[in-house]
Each structure stands twice: as structure tokens, then as C-alpha cells.
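Scroll down for the structure; my scribbles are underneath it.
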Amino acid sequence: MQERRTESTVSMIHPQAWENERKLVEITPPIPVAEWAQKTDWEHERLAMLPYDSLITEGRYAGGHVLMLHAEGTTQLWAVPPEVIVLLKGIVPNDQYRKLLSRTPSLAGIAARGHR
């Protein structure tokens with residue numbers, strides 16, 4: 001029996017499908033988190049929470065969030081699994097990072113312990 005290895009991924013999603021119907025319609029195939037982080041220009045692009053509920057409740061990214069990536073006049077929406085949220089410390093503004101932790105059920109314990 002072959003061991004199955006899973007790797008955390010993110011996907012760019014269609015903004016209107018999420019905003020209108022809360023559906024994840026992927027624009028890109030899943031991208032490994034390390035590749036996404038390496039390709040993103042963090043000095044010129046800003047990752048932020050959505051101003052409304054961003055919790056993903058079903059599918060591959062269930063328990064994670066939809067985040068906005070602002071870059072040179074464009075905004076992209078990305079589906080991010082819950083295990084990636086803790087990796088965003090220092091990338092997402094601190095107040096939003098704490099909110100993401102507290103709004104992610106699988107990570108609420110981290111938020112309760114004051115992870116900053």
C-alpha cells in the first residue's frame with residue numbers, strides 16, 4: 001500500500017462566485033503554499049482579510065478562509081486552508097491575523113492562548 005502525502009495548497013478563486021454565492025470556483029489549479037509564497041512579491045502585494053465573513057465551510061479548503069491579495073490596482077481572492085493561517089503571521093496585519101486565528105475554529109485554541 002502506497003503512503004499518500006498531502007501538501008497544503010492555495011487556489012485563486014473567482015471573486016463574483018464567492019461574493020454572490022459563497023462558492024469556490026477556482027481560477028488556478030491548487031498551488032503548493034511554498035510556491036505561492038515564493039512567487040508573491042510581499043513588498044508590493046498586500047494580503048488582507050475580507051471585510052465580511054470569509055470562512056470556508058466545505059470542500060478542500062474547509063475551515064480555512066478566503067483572503068484578498070492587492071497588487072498594483074488589482075485584487076485577487078485566494079482560498080487558504082486553516083493550517084496555512086498560522087504561517088501568515090507578519091504577512092497579514094497583526095489585528096487581522098488575530099481575527100483570522102479567532103475566526104478559524106480549528107485554530108481558536110491558539111487565539112485563546114494569545115498567539116501574537
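The values are calculated or read from the model by the stated rules, or taken from the named source; none is laboratory data. Since the structure is predicted, the reported quantities are computational estimates derived from the model, not experimental observations. Using ideal geometry, Cβ is built from the backbone for each residue, glycine included, and neighbour counts are taken over all protein chains shown.
Observations
- Residue in segment 4-12 that is part of a helix (DSSP H, G or I) and under 20 Å from residue 89 (Cα atoms) present: no
- Checked against the criterion of being aliphatic (A, V, I, L, M) and more than 22 Å from residue 101 (Cβ to Cβ), the candidates 56, 31 yield just one match: 31.
- Residue 67 meets each of the listed conditions (1) farther than 23 Å from residue 16 by Cα; (2) in a strand (DSSP E or B) apart from (1).
- Residue satisfying condition, being of a type outside the set (D, E, K, R) and on the phi > 0 side of the Ramachandran plot, within set 90, 64: 90
- Within segment 28-61, tally of residues that are out of contact with any Leu (no Cβ under 9 Å at 6 or more places or on another chain) and not acidic (Asp, Glu): 15
- Residues located in segment 87-108, provided they are under 11 Å from the mean Cα position of the chain (by Cα) and under 23 Å from residue 28 (Cα atoms): 87, 88, 92
- Scan of segment 70-91 for residues that are without any contact (Cβ under 8 Å) to a residue 40 or more places away in the chain and in a loop (DSSP other than H, G, I, E, B), ordered by number: 72, 73, 90
- Residue in segment 28-50 that is hydrophobic (A, V, I, L, M, F, W, C), assigned to a helix (DSSP H, G or I) and farther than 19 Å from residue 92 by Cα present: no
- Of all the criteria given as (1) over 16 Å from residue 28 (Cβ atoms); (2) out of contact with any Lys or Arg (no Cβ under 9 Å at 6 or more places or on another chain); (3) not basic (Lys, Arg), the one not satisfied by residue 67 is (1).
- Residue 61 vs. criteria of a type outside the set (S, T, N, Q), assigned to a loop (DSSP other than H, G, I, E, B) and either in contact (Cβ under 8 Å) with a residue 60 or more places away in the chain or buried (at least 17 other Cβ atoms within 10 Å of the Cβ) (or both): yes
- Number of residues in segment 24-43 that are closer than 20 Å to residue 54 by Cβ and either at pLDDT 95 or above or aliphatic (A, V, I, L, M) (or both) equals 8.
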